[in-house]
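To start, the structure under review is shown below, and the notes come after it.
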Amino acid sequence: MKVSKENISYLFYWIIIFVVAGSMIVYGLSKPIQFQGFDKSVNSNLSEGHQLMWTFYSYSLAYPIIIGFCEVLGGICLLFNRTRIFGCILLTIILSNIIIQDYIYDIIALQSAIYYQVLIFIILIFDYDKVKRIFQELFKTNTRKKNLLLMLIAFVISIVLKLFETKII
């Protein structure tokens, strides 16, 4: 096998995919047990923010399971070309939430979450052409003629529905 810049780039690309996918799958599968049985008195060496966040996560098993499921799904999606961009987007949403919480509550794992997010950005750079096509499709102008009267009626109905929702009417 000839060592070329293209082969090295391809190798680097797949190393990043396997690192992120493997880590997200492991983290996701461990989420349900990670926060079970958290006891502040036993974990008094943790910072106040760390204790608060872990108490929040351990209050209900549902939230860690949902986060874990999304991490596993995102990790699996990274492994397939057809779903890789979706996996990157899903993991970016999850990791953004984790990064914000880790920063605010002074969690030591902040660096790891940032590391994985940077790796996801690198994957997206490798898949630049696909990302570019997706953005072009998302933001292309619609040639359908706009009916301003119907838009105004829809706007008024949405306000009325919102008022009923909030029980103002």
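Worth a mention:
- Here the translational diffusion coefficient of the chain follows from Stokes-Einstein with Rh set to the Kirkwood radius across Cα pairs; for 4 °C and 1.567 mPa s it amounts to 67 µm²/s.
- The peptide list 141-154, 121-134, put in order of mean Cβ contacts within 10 Å with the highest first, becomes 121-134, 141-154.
- Summing charges over neighbours of Lys130, with a neighbour being any other residue whose Cβ is under 12 Å away from its Cβ, gives +1 when K and R count +1 and D and E count -1.
- Net charge over other residues, Cβ less than 14 angstrom from the Cβ of Phe12 (K, R count +1; D, E count -1): -1
- Remark: the chain carries 73 Å² of accessible area per residue (probe radius 1.4 Å; ligands, DNA and RNA excluded).
- Accessible surface of the chain [probe 1.4 Å, protein heavy atoms]: carbon and sulfur percent: 70
- Cα-based Rg of the stretch 48-127 normalised by 2.2 N^0.38 Å, two decimals: 1.17
- Centre separation in Å (Cα based) which lies between the stretch 1-28 and the stretch 63-106: 18
- Only one residue of Gln136, Met151, Leu90 has its Cα farthest out toward the positive end of the dipole of the stretch 47-169, where Lys and Arg carry +1 and Asp and Glu -1 on Cβ, and that residue is Met151.
- Ranked by the mean number of other Cβ atoms within 10 Å per residue, highest first, peptides 17-28, 157-168 order as 17-28, 157-168.
The values are calculated or read from the model by the stated rules, or taken from the named source; none is laboratory data. This one's a predicted model, so the numbers in the text were calculated from it and none came from an experiment. We place every Cβ from the backbone using ideal geometry, glycine too, and count neighbours over all the protein chains shown. Side chains are part of the model used for accessible areas, which takes the heavy atoms of the whole protein and leaves out ligands, DNA and RNA. Shrake-Rupley method; radii C 1.70, N 1.55, O 1.52, S 1.80 Å.
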